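The values are calculated or read from the model by the stated rules, or taken from the named source; none is laboratory data. This is a predicted model, so every value here is computed, not measured. Reconstructed Cβ throughout: ideal geometry from the backbone, glycine too, with neighbour counts over all protein chains shown. We work out accessible area using only protein heavy atoms, side chains counted, and drop any ligands, DNA or RNA first. Shrake-Rupley method; radii C 1.70, N 1.55, O 1.52, S 1.80 Å.
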Amino acid sequence: MDYQGILNVIEDKLVGEKLDGAVATYIPELAKVKPDKLGMHLTSVIGEEFHFGDSEERFSIQSISKVMSLALALLKEDDEKIWERVDVEPSGDPFNSLVQLEYEHGIPRNPLINSGALVICDILMTHLKDPQKEYLDFVRRMAGNSTINYNKKVAASEKAGGYSNRAMINLMKGYGNIQNDPEEVLNFYFDTCSLSMSCRELAQTFVVFANQGKLLKDEEQVLSEVHVKRMNAIMQTCGFYDEAGEFSFRVGLPGKSGVGGGIVAVYPNMYSVAVWSPKLNEKGNSTAGMRALELLTEITGSSIF
Ligand code: DON
């Protein structure tokens, strides 16, 4: 498949289309990003790399970090103990919704909405001596890149606000679903969201999910095949909050978005792909990112469906 030719067509089409959206401003540091950034990078399971635009520039990965948090939690905690505390159902609600959490007695619908990721961070805090360091080491290992880091300004900017997340974690603490100090869990969660990565680095990290849990460079099994199957299923059904159905319908791949404008998607046994365009639609997903991935699966004529 001529992926580079296809990416070039996608770039041309995106530039020609008028794609609306607004940069996230509820985390003040994110509002400073130039809205017209656009990049895309595809890594195939045989190690080929294709890209265009601002694919090397790092941006705030935000909720994409929830996937790596879950992957690490699956390595550290028994599966049953995780799934007792967080469900695996699509939420059909915004990523920061409180209503559903109260109805469901502090058990988040899935690990990819904010409340679910907070529970996963709580689990990690219980199991890791130095959560910030060990989480970063894990992402660096998956990415094969030791220069990836947190962005302290972004984390501080979110810590200074973050009231909805604070409300959620306190509600869950009240229901007995948070074991550690809520402020410390929040701090860890905000740090994970502040990771700064490029499309290339994200695609190279997520290729593990396309390569049955193995790193490309040495075929080391980082995640079991069963965990990879489950994580791809969760990304498929829950990766885009109340737009998960729309993403499945238009793109047809498991994936995950973040309010920094990034989207990563996985085609099992074929490739991983990351797109970045900071302008978001009303559901908090990158408008151009969704369109780029829709074009990719349309032009290649292939998706998991
Ligand atoms: O907790 C938050 O609101 C952000 N740190 C992450 C939200 C996010 O990226 C949701 N994505 N679409």
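For this structure, a couple of remarks:
- Which numbered condition G258 misses (of (1) touching a residue at least 12 places away in the same chain (Cβ under 8 Å); (2) under 17 Å from L296 (Cβ atoms)): (2)
- Condition check for V33: among the β-branched types (V, I, T) and away from the ligand (no atom under 16 Å from the Cβ): no
- Residues that are outside any helix (DSSP H, G or I), in contact with a strand residue (DSSP E or B) (Cβ under 6 Å, 6 or more places away or on another chain) and hydrophobic (A, V, I, L, M, F, W, C) are absent from the range 4-19.
- Note on the range 245-267: residues that are out of contact with any Leu (no Cβ under 9 Å at 6 or more places or on another chain) and open to solvent by 10 Å² or more (accessible area, probe 1.4 Å) total 4.
- Single unsatisfied condition, S224 versus (1) over 25 Å from P94 (Cα atoms); (2) open to solvent by less than 10 Å² (accessible area, probe 1.4 Å): (2)
- Criterion violated by E49 - all others in (1) touching a strand residue (DSSP E or B) at 6+ places or on another chain (Cβ under 9 Å); (2) outside the structural domain of K256 (by TED's automatic domain parsing); (3) open to solvent by 30 Å² or more (accessible area, probe 1.4 Å) satisfied: (2)
- The range 1-32: number of residues that are touching a residue at least 24 places away in the same chain (Cβ under 8 Å) and open to solvent by less than 50 Å² (accessible area, probe 1.4 Å): 12
- Enumeration of residues in the range 279-305 that are more than 17 Å from E243 (Cα to Cα) and either in contact (Cβ under 8 Å) with a residue 60 or more places away in the chain or hydroxyl-bearing (S, T, Y) (or both): L295, L296, T297, I299, T300, S302, S303, I304
- When the residues of the range 174-211 are filtered to those that are among the acidic types (D, E) and outside any loop (DSSP other than H, G, I, E, B), the one that is most open to solvent (accessible area, probe 1.4 Å) is E184.
- Scanning the range 118-167 for residues that are open to solvent by 30 Å² or more (accessible area, probe 1.4 Å) and in a helix (DSSP H, G or I) yields a count of 18.
- Within the range 98-117, being open to solvent by 10 Å² or more (accessible area, probe 1.4 Å) and more than 18 Å from F247 (Cβ to Cβ) holds for L98, V99, Q100, E102, Y103, E104, H105, I107.
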